[in-house]
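Peer 1: Below is one structure. I have some questions about it.
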Amino acid sequence: MSAQLETYEGAATIEKVASLCRRRAFVFPSSDVYGGLGSSYDYGHYGVLLKQNVKNEWQRAMVAERDDIVLLDSAIILHPKVWVASGHLAGFSDPLVDCRTCKLRFRADHLESASCGRKPSKQAGETDDCDLTEARQFNLMFETSIGPVRDEGSVAYLRPETAQGIFVNFKNVTSSMRVKPPFGIAQIGKSFRNEITPGNFLFRMREFEQMEMEYFVPPALAEEQYRYWIDERRRWYLELGMRESHLRVRAHDADELSHYSSETSDLEYLFPIGWSELEGIANRGDFDLRQHAEHSGAKLEWIGQDERYVPHVIEPAAGADRAALAFLVDAYDEEVVADRPRTVLRFHPRLAPVKVAVLPLIGNDSAMVETARGLYEELRRALPAEYDDSAAIGKRYRRQDEIGTPWALTIDHETLEDGTITLRDRDTLAQERIPLESAKAILLDRLEQPWRPRAQR
Ligand code: ATP
């Protein structure tokens, strides 16, 4: 494992990344023409492709490459009793105060036992720098109502996590799929939280996508599987090119643990705002299945040939938007090439929204355009490709660098004579001549190769 960094040393800031994202159609502020809506974002073309790649890679690792995990896509609005059983209804409705200085949130009725974020030896609110808001009764869940009449009986909630939809389907899945503990159920979908301290771009949104997997295990295997999933999830980020020095595992202290968890570790990423949670891996014990069994009356247990028990649950819970932000920040780089500044997103090729750009050197040369279009038509069927003949070639390269396209193919005078084209590498800027007809095979082969960020090659 490489040495851990104390502070962020990359070129990225949240502001620079947000500005690039807006300029290059990754992410726009939501409802922009109305001045935006706090902590809501809309994904543009390249952002949709990037986030889709993140989710696809998660699903590939969780489901396609394993035999023991199945998929689920549960409803966003579940039976309101789900949130009673899970503890969300009671657990999220405390009077809360925020400290504007240290950004910590405290239970207004527990201030005596809370320590100040800046000076832990002092009580929250005690120092001159503390700046607490008024107490507010706050439930993180967004409320809505079902049916035409809005009364107490019609109240429902937008889910604040995808996990509960999995627990309440435990019986459906075990009786319809060929699964046996240890096995998992994986779900990707939107979650909603009325966060009171939003900010930092995609890091904390009110509407976001989660990628959660609940792994049901015989109780005796829980500890071992908890460790396994921490390693497994860490490996996933590293394999997708994340810098090792920017990733760490932090075990929760006993006083940080959620009511349902006996142990939790966060995978933290060194964002420009400092080390922050990227994903949580929790050992939830049998809390959830027992709660739902008790509140619903259903028997939520595993019944084998000569065994019967309530499985324990290990949960790796990740955020698709937060992961996309981490990959954006990790990929962001600035350098000077031939006296000109260049901004580049060094995405792992598997995450890059566009894998290859096809560029005729001269945009109004009909022979070059025709050859380039022909190549583009061939490539686009095999991998995400883009054709561009709009400006000077240098400008087109820069644009592809800023959206993180790993390879560009240029069709020039030589192509028309000998059938070779230039393959330009985004990271090394190396240009090599390759035969036009082998372009597709070469790119598909490179996509399969391991890739490391430049600093670690
Ligand atoms: P945090 O402490 O940052 O609020 P959390 O511990 O409440 O996060 P979990 O409930 O464990 O988060 O959710 C699992 C994952 O979902 C988080 O690690 C994060 O990646 C993502 N996530 C949670 N809340 C948000 C949010 N408001 N915006 C974007 N992603 C989120």
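Peer 1: Taking square-rooted eigenvalues a ≥ b ≥ c of the alpha carbon gyration tensor, is the range 139-256 rounded, prolate or oblate, where a/c under 1.5 means rounded and, failing that, a/b exceeding b/c means prolate?
Peer 2: Oblate.
Peer 1: Need the full-extension length gain, Arg118 to Ala338, defined as separation in residues times 0.36 nm minus the C-alpha distance. One decimal, nm.
Peer 2: Values: separation 220, 0.36 × 220 = 79.20 nm, distance 4.53 nm.
Computed gain between Arg118 and Ala338 is 74.7 nm.
Peer 1: When only the heavy atoms of the protein chains count and the probe is 1.4 Å, how do Lys55, Lys440, Lys180 rank by accessible area, highest first?
Peer 2: My answer, sorted largest first, is Lys180, Lys440, Lys55.
Peer 1: Kindly report, to the nearest 10 Å², the accessible surface of Arg399 as traced by a 1.4 Å probe over protein heavy atoms only.
Peer 2: About 70 Å², ignoring ligands and nucleic acids.
Peer 1: Roll a 1.4 Å probe over the protein heavy atoms and report the accessible area of Glu437 in Å², nearest 10.
Peer 2: 150
Peer 1: While we're on this one: Let me have the relative contact order for the range 71-179, percent, based on Cα pairs under 8 Å that are six or more residues apart.
Peer 2: On the way: 141 pairs, mean separation 30.9, N = 109.
After rounding, I find 28 percent.
Peer 1: So, one more: Starting from the residue with the highest accessible area, list Asp388, Asp128 in decreasing order, probe 1.4 Å.
Peer 2: Solvent-accessible surface, decreasing: Asp128, Asp388.
Peer 1: Roughly how many nanometres apart are two label points built 7 Å out from the Cα toward the Cβ at Arg178 and Arg308?
Peer 2: With each label placed 7 Å out from Cα toward Cβ, I get 2.7 nm.
Peer 1: Along the Cα-to-Cβ line of His110, 7 Å from the Cα, sits a label point; which residues in the range 268-288 have backbone N less than 11 Å from it?
Peer 2: So the set is empty, nothing qualifies.
Peer 1: Continuing with this model, one more query. When the expected Rg is taken as 2.2 N^0.38 Å, what fraction or multiple of it is the alpha-carbon Rg of the chain?
Peer 2: That ratio works out to 1.11.
Peer 1: Got a sec? Charge dipole of the chain, +1 on Cβ for Lys and Arg, -1 for Asp and Glu; which of Cys116, Trp407, Leu221 is way out at the positive end?
Peer 2: Farthest along the dipole direction, towards plus: Trp407.
Peer 1: Which of the three applies to the range 325-379, rounded, prolate or oblate, going by the alpha-carbon gyration tensor with a ≥ b ≥ c and a/c under 1.5 meaning rounded? Intermediate results must be reported in sequence, preceding the final value.
Peer 2: Numbers: a/c = 4.95, a/b = 1.63, b/c = 3.04.
Verdict is oblate for the range 325-379.
Peer 1: For the pair Gln449 and Glu195, what calculated FRET efficiency results from E = 1/(1 + (r/R0)^6), where r is the Cβ-Cβ distance and R0 = 51 Å, to the nearest 0.05? If you can, show how the numbers build up before the last one.
Peer 2: On the way: r = 40 Å, r/R0 = 0.78.
Step by step, r from the Cβ atoms, then E = 0.80.
Peer 1: Could you rank Asp68, Asp253 by how accessible they are, 1.4 Å probe, largest area first?
Peer 2: The residues order as Asp253, Asp68, largest area first.
Peer 1: Find which of Val369, Gly44, Val310 sits farthest along the positive direction of the dipole of the chain, computed with +1 on the beta-carbon of Lys and Arg, -1 on that of Asp and Glu, about the Cα centre.
Peer 2: Val369
Peer 1: In the full protein assembly as shown, how much of Trp407 is accessible to a 1.4 Å probe, in Å² to the nearest 10?
Peer 2: Accessible area of Trp407: about 10 Å².
Peer 1: OK, next. Run the numbers on the range 310-350 and let me know its relative contact order in percent, using alpha-carbon pairs under 8 Å that are six or more apart. Intermediate results must be reported in sequence, preceding the final value.
Peer 2: Details: 24 pairs, mean separation 12.0, N = 41.
Computed value for the range 310-350: 29 percent relative contact order.
Peer 1: Further question: Pairs of alpha-carbon atoms within less than 8 angstrom and 6+ residues apart define the contacts here; what relative contact order does the range 303-457 have, in percent?
Peer 2: Relative contact order here is 20 percent.
The values are calculated or read from the model by the stated rules, or taken from the named source; none is laboratory data. What you are looking at is a predicted structure, and each value in this text was computed from that prediction instead of being measured. Here the Cβ is made from the backbone with ideal geometry for all residues, glycine too, and neighbour counts use every protein chain on show. Just so you know, the surface numbers come from the protein's heavy atoms only, side chains and all, with ligands and any DNA or RNA stripped out. Shrake-Rupley method; radii C 1.70, N 1.55, O 1.52, S 1.80 Å.
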